[in-house]
């Protein structure tokens, strides 16, 4: 570990390189400010870059994200640090924040890596691929995913056996095991927090059998199966590789549920499930798709029409909450639920179950602040003291929030909220 | 002309294209076309790594023409133009071929046909690429000022934000008072601040900004020019009351006025005089005479010297670099007889109900009768299976529940019965729904495909619904008051849209270019939209979009100059005979008459021309060409398509 006394100076620090952080950084940079964008992951793009198509227009997620990512990464006034976390922030005075960041080693010199993947072939270690949500494996040295930015390899040092095979295979000698964790001090004038959200972990609801029954997957895993950069190149159920033809969606998994501590609605699951159902009907024309719901919340522009379109396509909508899921010997699943329309408890058999997991707060950012308190709201999202009139303001002047760090939001709302945060940040910078 | 060295890139678009189009076959079919130097396929042409690869190729091989066959140019024409530019190639030497929307997606039932069509489309793009020649963008200077249409919460917030960036703002409000719809609301979710308090806060902030000019009672009646320099003509109606006015005397004038008309501020629940204040905290703080209803009896003048009937309508001209539209919405007005509206007197709308809560103090009275049982009927004018408004109005579930809770809090013995079609309290608003149920509000959902009915029985107002929880059994309830939860509709008076030529979506709200990529921009360069004029939104969402639009409008003009497309019409003065046909065809007033060398001919204003091409076909002399889309270029494309 080294502690470098580097002095860096930026106008704005944007924490989080997802779609909200990226949009905010672009807005600031195109107004002429110098921006540092810090992302803890190996690639910018956040969760959106992992998505297949996005509702309600069915634009392909990558087609919208990649050019934006490209614009961010080549903008002369935006500096990007990936695999970097914020360790502490101290407000010295208005317009002066002292920040310490921790840049983790990637063990690859990004500038020299051509993304040829020869290191991946040479590496003998296979582990579960978190970017495909555990559905396939990857090597201990790997390119996160095909449209990652930067598109460069990284070493997963916890899994690496230090055999050196990758170093020998690399044609540009860009693998560097001598890289060390760097701590960097810097000064910024304003901060935008765009740290996004966490997905609900369905292991917390054991009666749904996630982790135990192989054909119960999460909606993010289905998203990956439907994406252009998908792991199987088709839709398969993980248990036996069979193409499913009776797929069930369990909405509100981890949302509107006091028992797991999240009483609020996640705002996006109805729509992404309806979208996936439509895509599945295209990919598997013979498959039946059933959505079990409490209320359908298709509230945004074009959403209700999108929902009606799904019904028109033959998606089966059942109002009823799933009580329990059981597995049959052949891997099929039996869902026990109350059919509200008929008023009786029923069982239905499906060969694959998708849990539409909800949005949980990522409250990491509140831990960065040493002197001031970055307050969290009742639901542990970042507190908005003036939520009606200045939704981007936080409890600390000069620190603004963009996207799902302040609450569940869909993509258009995240982008607008990023516009809002950057507008407030620009005003703050001008007034300093 | 220098012989072209063209690079051709055919995109898989993940699988969006390659699922139906044999991308490799397309590459092989075009690699030997005249002018093609290199032809490649790529997974995502728009991704950073592919962009870098294209740039390398352009530099290494000295390419001077480029074709990318991918998605619609609406999405990525500019992306690839910029790629060309970064590689040092003139960006107008780039030609886009759309083989996704026009190929793979349109012909997903016929892979061979889709491939064949893709080959033809790419060949025609190559044909054009052989002929195109570099262009330079028009650089125009931009006025550093913004006009904001509508001083509701969105417009006021946008004005404050732009003014804070040291940029002059003209805030134009059609009504005599600012605050829009929010000024009419009482306590609001989630902060329990009242609408009045929110508007007060914004107004106080606004008037401290020296670079904001506020016009009330003022409408835009004409717009010309384009991004960087819009000329707006404003019509300012007189208040007939002097700016500085003695409050007590003005009150006397109100007292003596004999004319009573329904008060729109209270959604016609009450009346006001023809001379009136808006409400206790009106902004700006000045009364007004409603001249349409005034009988000119002159009584007010006798008690208040600050009445001034000599005031005249003013026409004001302003010039701005960008226009931000925040013109808001209208609450849906039910048709006569829709759930007995206007037929049974105790059927009112949600906005009326909210005013009713504000207007009553100890008891909830309507037409003198005490109200206890209240039935709320949701989705009136929204989610209509048959009607015009198929969309969900987004704000109404939360707003209705909040109003019902406010009534319960303020008055005794209130019983709230909600007849809904699935409650949509998305996000954190769910807690409100939870609170409402735990306080005893009753929710009855209509079976899918059915709607509640309102009718009179023995002089009582009844609501009947097929209840989803009891397998469609009919549930009937008596109501002292029926509240129709009405949604948002576009403004009925939407002249600003016509004046600025703003496109509308299928829901008739103003439409943005792209919900995710360009959510506050419109196809009219330099004009942004925000708030509920682009679709239903709650206050926080309106404010977020207002600030996003403010950032965008500001970024257009803050450098003082901007570049516009050089793809404009060009008139050959030697061929033009000045028949005036083109000026009539031009929707942007970009063509004017000039006389020089004893000849009269038409000429194009390059900064106004959008390159739409409307003038081309009407020219009897064929004197007009569209740069980058000349007859030559188009004919070469048609030839390539025809040859297959």
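Scanning the range B:24-46 for residues that are part of a helix (DSSP H, G or I) and more than 19 Å from residue B:129 (Cβ to Cβ), which turns out farthest from the other protein chains (Cβ to nearest Cβ)?
Checked the range B:24-46; the qualifying residue farthest from the other protein chains (Cβ to nearest Cβ) is B:25.
Give the residue that is nearest to residue A:255 (Cα to Cα), with candidates limited to residues of the range A:324-355 that are more than 14 Å from chain B (Cβ to nearest Cβ) and touching a helix residue (DSSP H, G or I) at 6+ places or on another chain (Cβ under 7 Å).
A:355
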* Per-region count, the range B:522-535, residues surrounded by 24 or more Cβ atoms within 10 Å (Cβ to Cβ) and either more than 7 Å from chain A (Cβ to nearest Cβ) or modelled with pLDDT under 95 (or both) -> 9
* Of all residues in the range B:492-512, which are within 14 Å of chain A (Cβ to nearest Cβ) and without any contact (Cβ under 8 Å) to a residue 12 or more places away in the chain? -> B:506
* Go through the range B:169-194 and give me each residue that's within 12 Å of chain A (Cβ to nearest Cβ) and either touching a residue at least 60 places away in the same chain (Cβ under 8 Å) or surrounded by 24 or more Cβ atoms within 10 Å (Cβ to Cβ) (or both). => B:182, B:185, B:187, B:188, B:189, B:190
* Answer yes if at least one residue in the range A:173-185 is more than 28 Å from residue A:68 (Cα to Cα) and surrounded by 22 or more Cβ atoms within 10 Å (Cβ to Cβ), and no otherwise. => yes
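Is it the case, given these coordinates, that residue A:213 is under 23 Å from the mean Cα position of the chain (by Cα) and in contact (Cβ under 8 Å) with a residue 12 or more places away in the chain? Steps first, please.
Details: under 23 Å from the mean Cα position of the chain (by Cα): no; in contact (Cβ under 8 Å) with a residue 12 or more places away in the chain: yes.
Criteria not met by residue A:213.
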* **When residues of the range B:138-164 are limited to those that are surrounded by fewer than 24 Cβ atoms within 10 Å (Cβ to Cβ) and closer than 28 Å to residue B:565 by Cβ, the one farthest from the other protein chains (Cβ to nearest Cβ)** => B:138
* Asked: Quick one: is residue B:341 over 28 Å from the mean Cα position of the chain (by Cα), closer than 18 Å to residue B:264 by Cα and crowded, with 19+ Cβ neighbours inside 10 Å?
  -> yes
* In the range B:406-434, what residues are surrounded by 20 or more Cβ atoms within 10 Å (Cβ to Cβ), over 30 Å from the mean Cα position of the chain (by Cα) and over 16 Å from residue B:445 (Cα atoms)? -> B:406, B:407, B:414
* Asked: Restricting to the range A:121-152, what's the tally of residues that are in contact (Cβ under 8 Å) with a residue 40 or more places away in the chain, over 20 Å from the mean Cα position of the chain (by Cα) and surrounded by 15 or more Cβ atoms within 10 Å (Cβ to Cβ)?
  -> 2
* Asked: Across the range B:119-142, which residue is modelled with the lowest pLDDT among those that are in contact with a helix residue (DSSP H, G or I) (Cβ under 7 Å, 6 or more places away or on another chain) and not in a helix (DSSP H, G or I)?
  -> B:134
* Structure fact -> Of the listed residues (A:395, A:366), the one being more than 24 Å from the chain's Cα centre (by Cα) and either farther than 30 Å from residue A:256 by Cα or away from every other protein chain (no Cβ under 13 Å) (or both) is A:395
* Which is out of contact with any helix residue (DSSP H, G or I) (no Cβ under 8 Å at 6 or more places or on another chain) and in contact (Cβ under 8 Å) with a residue 40 or more places away in the chain, of B:335, B:369, B:354? -> B:369
* To do: Restricting attention to strands (runs of 3 or more DSSP E) lying wholly within the range A:1-96, give those where 3 or more residues are away from every other protein chain (no Cβ under 14 Å) and surrounded by 18 or more Cβ atoms within 10 Å (Cβ to Cβ).
  => A:2-15, A:35-38, A:84-93
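Tell me which residues, restricted to the range A:309-323, are under 23 Å from residue A:348 (Cα atoms) and either within 13 Å of another protein chain (Cβ to nearest Cβ) or surrounded by 15 or more Cβ atoms within 10 Å (Cβ to Cβ) (or both).
Within the range A:309-323, the subset under 23 Å from residue A:348 (Cα atoms) is A:310-323.
Listed by number, the residues that qualify are A:310, A:311, A:312, A:315, A:316, A:317, A:318, A:319, A:320, A:321, A:322.
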* **Residues being in contact with a helix residue (DSSP H, G or I) (Cβ under 9 Å, 6 or more places away or on another chain) and touching a residue at least 24 places away in the same chain (Cβ under 8 Å) - total across the range A:386-398** => 7
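Results for (1) outside any strand (DSSP E or B); (2) free of Cβ contacts under 8 Å to residues at least 60 places away in the same chain; (3) at the interface with chain B (Cβ under 10 Å from one of its Cβ atoms); (4) touching a strand residue (DSSP E or B) at 6+ places or on another chain (Cβ under 8 Å), shown as yes or no for each residue.
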{"site": "A:233", "(1), (2), (3), (4)": "yes, yes, yes, no"}
{"site": "A:237", "(1), (2), (3), (4)": "yes, no, no, yes"}
{"site": "A:241", "(1), (2), (3), (4)": "yes, yes, no, no"}
{"site": "A:255", "(1), (2), (3), (4)": "yes, no, yes, yes"}
{"site": "A:276", "(1), (2), (3), (4)": "yes, no, no, yes"}
{"site": "A:291", "(1), (2), (3), (4)": "no, yes, no, yes"}
{"site": "A:299", "(1), (2), (3), (4)": "yes, yes, yes, no"}
{"site": "A:307", "(1), (2), (3), (4)": "yes, yes, yes, no"}
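Of all strands (runs of 3 or more DSSP E) completely enclosed by the range A:325-385, which ones contain at least 1 residues that are in contact with a strand residue (DSSP E or B) (Cβ under 6 Å, 6 or more places away or on another chain) and either surrounded by fewer than 19 Cβ atoms within 10 Å (Cβ to Cβ) or free of Cβ contacts under 8 Å to residues at least 60 places away in the same chain (or both)?
Numbers: elements: A:333-339, A:344-350, A:352-357, A:359-361.
Of the strands (runs of 3 or more DSSP E) lying wholly inside the range A:325-385, those with at least 1 residues that are in contact with a strand residue (DSSP E or B) (Cβ under 6 Å, 6 or more places away or on another chain) and either surrounded by fewer than 19 Cβ atoms within 10 Å (Cβ to Cβ) or free of Cβ contacts under 8 Å to residues at least 60 places away in the same chain (or both) span A:333-339, A:344-350.
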* Matching strands (runs of 3 or more DSSP E) fully within the range B:545-629 where at least 2 residues are more than 24 Å from residue B:223 (Cβ to Cβ) -> B:569-571, B:591-596, B:599-604, B:624-626
* the range B:16-34, residues that are surrounded by fewer than 18 Cβ atoms within 10 Å (Cβ to Cβ) and within 35 Å of the chain's Cα centre (by Cα) -> none
* To do: Would you point out the residue of the range B:52-80, among those that are more than 14 Å from every other protein chain (Cβ to nearest Cβ) and out of contact with any strand residue (DSSP E or B) (no Cβ under 7 Å at 6 or more places or on another chain), that is farthest from residue B:134 (Cα to Cα)?
  => B:60
* Assess whether residue B:49 counts as being within 30 Å of residue A:234 (Cβ to Cβ), more than 32 Å from the chain's Cα centre (by Cα), outside any helix (DSSP H, G or I) and within 14 Å of chain A (Cβ to nearest Cβ). => no
* Asked: Out of all the residues in the range A:403-424, is one or more closer than 27 Å to residue B:196 by Cα, in contact with a strand residue (DSSP E or B) (Cβ under 6 Å, 6 or more places away or on another chain), touching a residue at least 60 places away in the same chain (Cβ under 8 Å) and within 11 Å of chain B (Cβ to nearest Cβ)?
  -> yes
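The values are calculated or read from the model by the stated rules, or taken from the named source; none is laboratory data. This structure is a prediction, so every number in the text was calculated from the model and none was measured. Here the Cβ is made from the backbone with ideal geometry for all residues, glycine too, and neighbour counts use every protein chain on show.
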